[in-house]
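Notes follow once the structure below has been shown.
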Amino acid sequence: MRLAWLYTGYVNWFAILLGSIVGAGRVTPLAAGGRTGTTLVEAIVAALLISVALASFVAVGLAVLGLRTRD
């Protein structure tokens, strides 16, 4: 579970930073400042952010399972 939370934090930070540096404006319009990047750059940033969303669901699910009381 800890690894999933660390993954989401660092990859989210990296994806937003990468999107703002290269101007991936379709996925991160506020971070890119109105610029748009190449199709490859946009796809990389989108894939990173989608993986963050999936890992977040896994992390929350594991956290909820860990909070269940044991009989």
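Only the coordinates and a few stated rules stand behind these numbers; no lab work does. The shown structure was predicted, so the numbers you read here are calculated from the model rather than taken from an experiment. Positions of Cβ are backbone-derived with ideal geometry, glycine not excepted, and every protein chain shown enters the neighbour counts.
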Reported label for calculated P(r) over Cα pairs in 5 Å bins from 0, in percent given (1) 3, 15, 23, 17, 9, 7, 8, 8, 6, 4; (2) 3, 19, 22, 17, 12, 10, 7, 4, 3, 2, 1, 0; (3) 3, 14, 16, 17, 14, 11, 9, 8, 5, 1
(2)
Helix axis angle, 2-22 relative to the chain longest principal axis, alpha carbon, degrees:
10 degrees
Per-residue ellipticity at 222 nm for the chain, helices alone: DSSP H runs ≥ 4 residues times -39500 (n - 2.57), over residue total, nearest 500 deg cm²/dmol?
-26000 deg cm²/dmol
Please compute the contact order of the chain in relative form: average sequence separation of alpha-carbon pairs under 8 Å and at least six residues apart, divided by the residue count, as a percent.
34 percent
Principal-axis tilt of helix 39-67 within the chain, Cα atoms, nearest 10 degrees
10 degrees
Rank the residues THR69, THR36, THR8 as a footprinting-exposure proxy: fewest other Cβ atoms within 10 Å of their Cβ go first.
THR69, THR36, THR8
Taking 0.36 nm per intervening residue step and subtracting the Cα-Cα distance, what contour gain separates LEU67 from TYR7 on full extension?
19.5 nm
